[in-house]
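Here is the structure we will look at.
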Amino acid sequence: MWLFTMNAPYLLIPIGILLLLLYLLSGLLVRLNFLKKAFYLKIWNSALLITFLTTGFLGLLLAFQINYKLEWPLVKTLLKWHVDFGIAMSFIAVFHLLRHGNYYLKIFRSDTDKENSMPGSFPEASEPKKINHLKSLVLLSGFLSTSIQVLLIREITTVFQGNELMMSWTLGAWMLLTGAGAFWGRSAKKTEKASNLLNKVLLLFTFLPVAIVPLLDVLKTILFPPGIMVNPAYFLLILIVFLAPICLLSGFIYSLLVNTFRSEENGFTKVYALEAAGSLLGGLVVSFVFIQWLSVIQSLLILLLSSTILFAFIRKGIKDYIAVSVALAALLLSGTFQLDNLLKSFLFVNQKVLDSKETYYGNVTITENSGQYNFFGNGSLLYTTDNTITSEEYTHYALMQHRNPTDVLLVSGGIAGMVTEILKYRSVESVDYVELNPKLIGMAAKYLPLPADQRVHLIFDDGRRAIQHTTKKYDVIILAVPDPSSLEINRFYTGEFLTILKRKLNPGGVVLYGLSSSGNYMSEEKKAIETAVFQTLKNIFFQVVIIPGERDYFVASDSTLRIDMARLSATKGIATKYVNSNYLDDYSIQQRGKLIRENLKEKIINMDEKPLPVYFHTLRFVSGFTSKGWMLIVFPVIILLIPLFFIRSIASGMYISGFTASSFEILIIFTFQTFFGYVYSAIGLIIAIFMGGLVVGSVVAKRFNASKRQFVVAQLLLSVYALFFPLFCNLQKNAENSLAGLLVFGFITLLLSSIVGFQYVIGTKILSGSFSRTAPLLYAVDLIGAALGTIIISVLLLPVAGIISSCLIMAGLNLLIALFIAVRKN
């Protein structure tokens with residue numbers, strides 16, 4: 001995974017990989033006749049010019065600053081950009097040299113035919129520009145759609161402190177509304193001015209998110225009091241209102257693009273493949289560029305500026321140049337006035353936003369209020385400083401259980417004061433500290449540096465992966481992680497992870513978790529969550545005790561454990577403000593712990609492949625707003641199932657394929673996250689590979705004379721794929737963090753999307769009617785099925801049924817629909 005690291009001073013490897021992928025992709029599009037060679041050369045010649053001018057301009061600025069000893073706060077940033085753009089220029093120059101090597105060799109031979117061999121001179125330049133223009137619009141639409149989708153989902157998650165249910169609804173709503181837009185676009189009038197309409201619609205599509213993001217931040221504070229969770233019914237309503245304009249336009253654009261290529265044989269195939277290629281590019285750029293350097297609003301402004309520049313280059317109208325000027329001014333002003341921090345201040349009322357950044361692990365925001373620092377991950381409070389009670393309980397309830405702790409591992413919470421508490425033990429020789437989001441440590445160091453103690457060692461890696469691959473063993477491991485409410489966090493609570501933890505403990509070692517407090521009442525969902533944590537620990541360790549406090553602390557070890565913390569603290573002699581006999585009452589702790597244990601349900605085990613606590617957390621969240629919380633889960637599913645009863649057999653097959661593809665895409669990301677860590681760059685690469693598979697599948701299908709038999713075979717292949725997916729998971733698990741494991745992930749992603757891309761093209765060909773109507777129809781039902789798959793797999797199938805049962809269900813669905821299509825005469 002070192003290839004994807006962004007901790008190096010300069011992005012040599014990431015920039016090289018990204019440019020190489022883009023160069024190979026654009027070359028493939030030329031060979032497949034999706035791009036003209038002339039346009040392809042213009043792209044890379046322009047890229048070389050832009051990187052050259054930027055590198056030179058930044059170099060002059062740095063020289064000016066050094067010569068005249070100017071105090072510029074952005075010097076380090078400018079230097080980094082100068083080198084990174086220089087790296088990009090060097091790679092593009094190598095590509096340029098390889099392609100035009102003969103021209104440069106001729107310089108030293110003779111002057112003959114220099115004009116003919118000049119880079120950028122190509123015979124295709126005399127061909128009509130209209131097709132190239134349309135192809136660029138197709139690529140742009142795919143690029144914008146994926147980029148805007150990823151960025152808006154990240155912003156929505158931060159604004160509404162999104163949990164698993166909200167995330168699945170957001171993805172589902174995006175796909176459903178986009179599908180509706182594609183179906184709406186089928187009725188668009190067939191006009192020769194579709195190209196002009198596309199320009200306007202795409203520009204509107206790029207502008208809308210720039211307006212929606214600030215509006216979301218402001219309205220969230222106006223409509224809902226700060227600090228409370230939003231009713232999921234209200235969230236769904238807001239989601240539909242805000243996403244509808246963007247998503248409907250996205251689907252409508254696809255239908256318009258198919259319409260513009262209606263005169264070409266199998267023109268819809270070209271649109272489908274080019275849009276997927278643009279989506280691939282969007283996934284790479286967002287993952288490797290935007291998330292690393294920019295905020296969500298800055299990224300959206302960059303997209304707006306890029307689109308306006310492209311349209312100005314194509315149309316050369318005065319309005320286009322004005323649009324470029326406005327977009328550029330907005331981008332410059334956003335950086336000058338720290339627009340992102342200003343917008344975040346609407347979400348964190350009465351707090352000063354010190355810093356807010358997008359990272360591979362999500363958004364991180366740091367605020368300050370009356371000297372107290374607050375740390376937020378994706379809008380949810382992680383921890384605060386000056387919370388002495390929680391910091392002392394987490395550390396001392398664990399460390400006091402061990403006779404002589406020397407090596408301690410802390411997962412999350414060190415910045416909040418836990419590291420300081422651990423260092424109070426003289427026997428401690430080493431404190432390894434890892435955060436759920438490695439970027440958080442560096443961001444917090446500006447305001448709250450960790451103790452300058454040689455015993456403290458920082459680990460800038462994913463927590464689970466760091467523990468799995470360390471050769472070190474510990475006496476005490478403290479996991480100050482949030483409750484297992486999401487698939488991301490739950491992987492720190494599973495039986496497989498606890499098995500890893502036990503191997504990293506010295507004899508007599510202690511492990512501690514802290515769940516949110518049960519208080520005086522435990523709901524059925526809370527009982528199930530605490531049961532899952534307790535019973536999973538009990539499966540691995542000899543003894544598990546529950547110590548109630550500000551949180552419910554689960555302490556596990558193969559040695560004897562105590563819960564009389566007041567008496568135990570008196571024997572340890574550690575200076576504490578709260579964890580001592582002056583404040584703690586052992587009898588009260590014992591009685592409250594006994595009450596919790598008596599409320600535990602039947603045996604529930606939490607496993608990697610069956611994350612049950614996530615399901616119970618979803619039910620707990622929904623039940624806080626209505627006694628019939630299950631309806632908020634079931635109702636959207638019923639709505640998404642309705643179209644299945646009103647579409648033809650081929651369309652119903654595509655609906656199930658969309659359901660299957662989105663389900664497995666989430667399963668692939670989930671298993672990757674479990675085995676390799678929550679690395680957004682690699683996950684972005686998986687999504688990019690998925691879009692690349694759609695290109696491959698559509699290109700292969702283009703060469704076939706379509707028949708119903710081929711469509712049915714593709715459906716059966718999805719059924720077989722579902723049966724073999726658990727085997728793929730085992731291969732990934734056994735491969736661990738090696739290149740072989742990454743190749744397995746790439747292969748299963750490419751295979752899945754290639755089947756779906758192939759089936760879409762075949763299905764469109766065999767449906768009766770013009771391609772301008774059948775292609776958007778199948779595109780729409782594919783997305784609606786994908787919306788259903790996203791919700792079902794995230795909220796129900798994966799947490800409740802597990803990976804194996806989910807795969808069997810999807811295999812059965814695809815087998816049934818394949819048989820249904822095969823026996824239908826029509």
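The values are calculated or read from the model by the stated rules, or taken from the named source; none is laboratory data. Keep in mind that what you see is a predicted model, and the values were worked out from it rather than measured. Please note: Cβ atoms are built from the backbone with ideal geometry, for glycine as well, and neighbour counts cover all protein chains shown. SASA here: full protein model, heavy atoms, side chains in, ligands and nucleic acids out. Shrake-Rupley method; radii C 1.70, N 1.55, O 1.52, S 1.80 Å.
What the table shows:
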| item | result |
| --- | --- |
| Residue satisfying condition, being out of contact with any Asp or Glu (no Cβ under 8 Å at 6 or more places or on another chain) and either buried (at least 24 other Cβ atoms within 10 Å of the Cβ) or assigned to a helix (DSSP H, G or I) (or both), within set ALA330, ALA312 | ALA330 |
| Subset tally (residues that are at pLDDT below 95, within 30 Å of the chain's Cα centre (by Cα) and of a type in the set (S, T, N, Q)) for region 532-559 | 0 |
| Hits in region 626-636 (condition: assigned to a helix (DSSP H, G or I) and either modelled with pLDDT of 80 or more or surrounded by 15 or more Cβ atoms within 10 Å (Cβ to Cβ) (or both)) | LEU632, ILE633, PRO636 |
| Test set (1) under 21 Å from LEU223 (Cα atoms); (2) part of a helix (DSSP H, G or I); (3) at pLDDT below 80 - ILE156 fails condition number | (3) |
| Test: residue in region 441-453 that is over 31 Å from the mean Cα position of the chain (by Cα), closer than 22 Å to GLU393 by Cα and without any contact (Cβ under 8 Å) to a residue 12 or more places away in the chain | no |
| Unique residue being assigned to a helix (DSSP H, G or I), surrounded by fewer than 16 Cβ atoms within 10 Å (Cβ to Cβ), modelled with pLDDT under 75 and aliphatic (A, V, I, L, M) when the list is LEU53, LEU25, LEU98, LEU60 | LEU98 |
| Single unsatisfied condition, GLY379 versus (1) surrounded by 22 or more Cβ atoms within 10 Å (Cβ to Cβ); (2) of a type in the set (Gly, Ala, Ser); (3) modelled with pLDDT under 85 | (1) |
| Residue selected from region 285-295 under the condition under 24 Å from LEU783 (Cβ atoms) and crowded, with 24+ Cβ neighbours inside 10 Å, by the criterion modelled with the lowest pLDDT | SER287 |
| Boolean, ARG403 is among the basic types (Lys, Arg), open to solvent by 10 Å² or more (accessible area, probe 1.4 Å) and either closer than 20 Å to LYS504 by Cα or modelled with pLDDT of 95 or more (or both) | yes |
| Pair list, Cβ < 6 Å and 6+ apart or interchain, from region 314-334 residues that are free of Cβ contacts under 8 Å to residues at least 24 places away in the same chain to residues that are surrounded by 11 or more Cβ atoms within 10 Å (Cβ to Cβ) and of a type outside the set (Lys, Arg) | ASP320/PHE311; ASP320/ALA312; TYR321/ALA312; VAL324/THR308; VAL324/ILE309; VAL324/ALA312; LEU328/LEU305 |
| Residue among PHE460, PHE497 that alone is at pLDDT below 90, aromatic (Phe, Trp, Tyr) and within 28 Å of the chain's Cα centre (by Cα) | PHE460 |
| Single residue of region 406-417 satisfying the filter (buried (at least 24 other Cβ atoms within 10 Å of the Cβ) and farther than 24 Å from PRO507 by Cβ) that is modelled with the highest pLDDT | SER412 |
| Residue pairs meeting the criteria (Cβ under 8 Å; at least 6 apart or on separate chains; first among the basic types (Lys, Arg), in region 577-597; second open to solvent by 20 Å² or more (accessible area, probe 1.4 Å) and not in a loop (DSSP other than H, G, I, E, B)) | LYS577/THR388; ARG597/PHE534 |
| Region 688-721: number of residues that are modelled with pLDDT under 85, among the basic types (Lys, Arg) and part of a helix (DSSP H, G or I) | 1 |
| Test: residue in region 776-797 that is under 25 Å from ARG465 (Cβ atoms), modelled with pLDDT under 90 and in a helix (DSSP H, G or I) | yes |
| Scan of region 570-590 for residues that are in contact with a helix residue (DSSP H, G or I) (Cβ under 7 Å, 6 or more places away or on another chain) and open to solvent by less than 90 Å² (accessible area, probe 1.4 Å), ordered by number | ILE574, THR576, TYR578, VAL579, ASN580, SER581, LEU584, ASP585, ASP586, ILE589 |
| Cβ-Cβ under 7 Å pairs, at least 6 apart or on other chains, region 76-94 side in contact (Cβ under 8 Å) with a residue 24 or more places away in the chain and within 15 Å of SER46 (Cα to Cα), far side in a helix (DSSP H, G or I) and open to solvent by 60 Å² or more (accessible area, probe 1.4 Å) | MET89/PHE52 |
| Some residue of region 497-513 being polar (S, T, N, Q), open to solvent by 30 Å² or more (accessible area, probe 1.4 Å), under 14 Å from ASP407 (Cβ atoms) and not in a loop (DSSP other than H, G, I, E, B) | yes |
| Per-region count, region 472-482, residues over 20 Å from the mean Cα position of the chain (by Cα) and more than 20 Å from SER557 (Cα to Cα) | 0 |
| Selected residue (only one of GLN454, GLN468 is out of contact with any strand residue (DSSP E or B) (no Cβ under 6 Å at 6 or more places or on another chain), modelled with pLDDT of 90 or more and open to solvent by 20 Å² or more (accessible area, probe 1.4 Å)) | GLN454 |
| Subset of region 514-532 (residues that are over 12 Å from ASN599 (Cβ atoms) and crowded, with 24+ Cβ neighbours inside 10 Å) | GLY514, ALA532 |
| Region 239-269, residues that are open to solvent by 10 Å² or more (accessible area, probe 1.4 Å) and more than 22 Å from the chain's Cα centre (by Cα) | VAL241, PRO245, LEU248, LEU249, PHE252, THR260, ARG262, SER263, GLU264, GLU265, ASN266 |
| Filter result (over 28 Å from the mean Cα position of the chain (by Cα) and open to solvent by 20 Å² or more (accessible area, probe 1.4 Å)) within region 591-620 | GLN591, ARG592, LYS594, LEU595, ARG597, GLU598, ASN599, LEU600, LYS601, GLU602, LYS603 |
| Conditions (1) at pLDDT below 90; (2) in contact with a Gly (Cβ under 7 Å, 6 or more places away or on another chain); (3) buried (at least 21 other Cβ atoms within 10 Å of the Cβ): number failed by SER623 | (3) |
| From the options SER250, SER168, SER195, SER187, residue that is of a type in the set (Ser, Thr, Tyr), modelled with pLDDT of 85 or more and more than 21 Å from GLN298 (Cβ to Cβ) | SER250 |
| Condition check for SER391: at pLDDT below 85, open to solvent by less than 20 Å² (accessible area, probe 1.4 Å), in a helix (DSSP H, G or I) and not hydrophobic (A, V, I, L, M, F, W, C) | no |
| Enumeration of residues in region 217-237 that are more than 23 Å from the chain's Cα centre (by Cα), among the β-branched types (Val, Ile, Thr) and either surrounded by fewer than 15 Cβ atoms within 10 Å (Cβ to Cβ) or over 21 Å from SER356 (Cα atoms) (or both) | VAL218, ILE222, ILE228 |
| Residue ID - nearest to SER90 (Cα to Cα), chosen from residues in region 28-50 that are at pLDDT below 70 and not in a helix (DSSP H, G or I) | LEU35 |
